[in-house]
Amino acid sequence: MQNWVHEVCHSSRRMARRGPSGTAPILRCVIASDVDRGFLSLGQATAREAALRAAGSGRLQRTLLVHGPAGAGKGAFVDDLLALLFCTDSERGNRPCNACRGCRDARARRHPDLVIGSPERWREERSNGESMVAAARRWLLESAGAPVASEVRVVLVEGADRAGEQIQNALLKALEEPAPRQMFILVADEPGRLLPTIRSRAQALRVGSVPHQELVTWLVERERLPADQADALARIAGGLPGLAIGFARNPALVDWRRRTQDQLLELLGRGRADRFGSVRDLLDEAGRLGMALPEESEEPTEGAMPRPVPAAQRAAARLIVDAWLGLSRDLLIAGVGRPELAPAAELVPGVRDAAQRLSPASLVGFVALLEQIAAGLRENAAPRLALEVAMLAWPTPGAADLPTGT
């Protein structure tokens, strides 16, 4: 076996990406000494075993659907799949070997038989006067060529669940009539937003959270974090490896989350004017991070003029709602006497005290409202208005339990 150190680092295109809603862009870095074979991503034993078993027996489907919550590490898992598909080791049982040119080019996402698309790319690569739907259809036609350097041509569609219905129908046609030796990998945070006919044609591989201690050990060994800090970040990230690594490599994001949750706690005792006035400040500070999510607005329909969308502001709002959801859920946990299980308490000491002053019923209703607001932001809701609605419903300590409304 070769004795060398191979390092693969490249930016995650969506980021630890939306964390439950968004986090900083992270680098996926794997350092393999003496070249470790197999998958290099953290955890995901079920999905890993399913992919390796199917590939080893030659029964890997022509369409794979990698899905799971934002921040789960889907990008790293896709890198493993690409290495598996492009590996040139003569022994299939050794794939991915992570030593050959095919593996290296796959993990660097520069393999000549790899084609990558996404709603964001189709939007950016439109010709003058071309709609996003037309750009996606053109891209799908151009991606149908034969492989030139490997056994298969891989079409990777990131954020497939963010594509509108017309684009998904075009994608469905490509899945139904693939070119010879063509394979698709679809990546989605919310597979339920894909057409049922697309889901039925794909082999689903779910990527999710990993056991707490496994994630802590990874952060200590790979990110060189002190054990107590690794433990705190693993808890704040809810066991999602991509999100935890994003926090580890971007301390500014953790500090922002702490300040935001602390400010939200202070607003519990403030009136409507103060709450509304805080929305602009929260959006401005989140926007200054420069780490928000890519825009996920719907593409215009054929012949329609594209609507101007405040992409950065919506991304900032999603970051805020994610931090707010985490704080609200942790207030519920602390309120039933288990503050040690509330990750927000690691950042904001006031969580324990505030939890005693809020009724569980009001928090349950507010969490439900925030979840609806988060879904609305994914569907083009107005960011500032969405946050103002949340501010109105943010419980008041000592107030009677009233439904927050939806």
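The values are calculated or read from the model by the stated rules, or taken from the named source; none is laboratory data. The structure presented is a predicted model; accordingly, all values stated were derived computationally and were not measured. So basically every Cβ, Gly included, is an ideal-geometry build from the backbone, and we count neighbours across all protein chains shown. What goes into the accessible areas is simple: the full protein's heavy atoms, side chains included, and nothing from ligands, DNA or RNA. Shrake-Rupley method; radii C 1.70, N 1.55, O 1.52, S 1.80 Å.
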Long-range amide H partners of Q182, meaning residues 5 or more apart or on another chain whose placed amide H is closer than 5 Å, are R153
Tell me the per residue accessible area of the stretch 128-265 using a 1.4 Å probe; a whole number in Å² is fine.
42 Å²
Peptides 49-62, 206-219, 274-287 ordered by average Cβ neighbours within 10 Å, highest first:
206-219, 274-287, 49-62
With a 1.4 Å probe and all protein chains left in place, how much of the accessible area of the stretch 76-227 comes from carbon and sulfur atoms, in whole percent?
48 percent
With N residues in the stretch 80-197, what two-decimal value do you get for its Cα radius of gyration over 2.2 N^0.38 Å?
1.12
For the stretch 68-82, Karplus couplings with θ = phi - 60° (6.51, -1.76, 1.60), whole Hz, Gly/Pro x
x, x, 4, x, 7, x, 5, x, 5, 5, 4, 4, 4, 4, 5
Rounded, prolate or oblate for the stretch 206-253? Axes are the square roots of the Cα gyration tensor eigenvalues, ordered a ≥ b ≥ c, and the cut-off for rounded is a/c under 1.5.
oblate
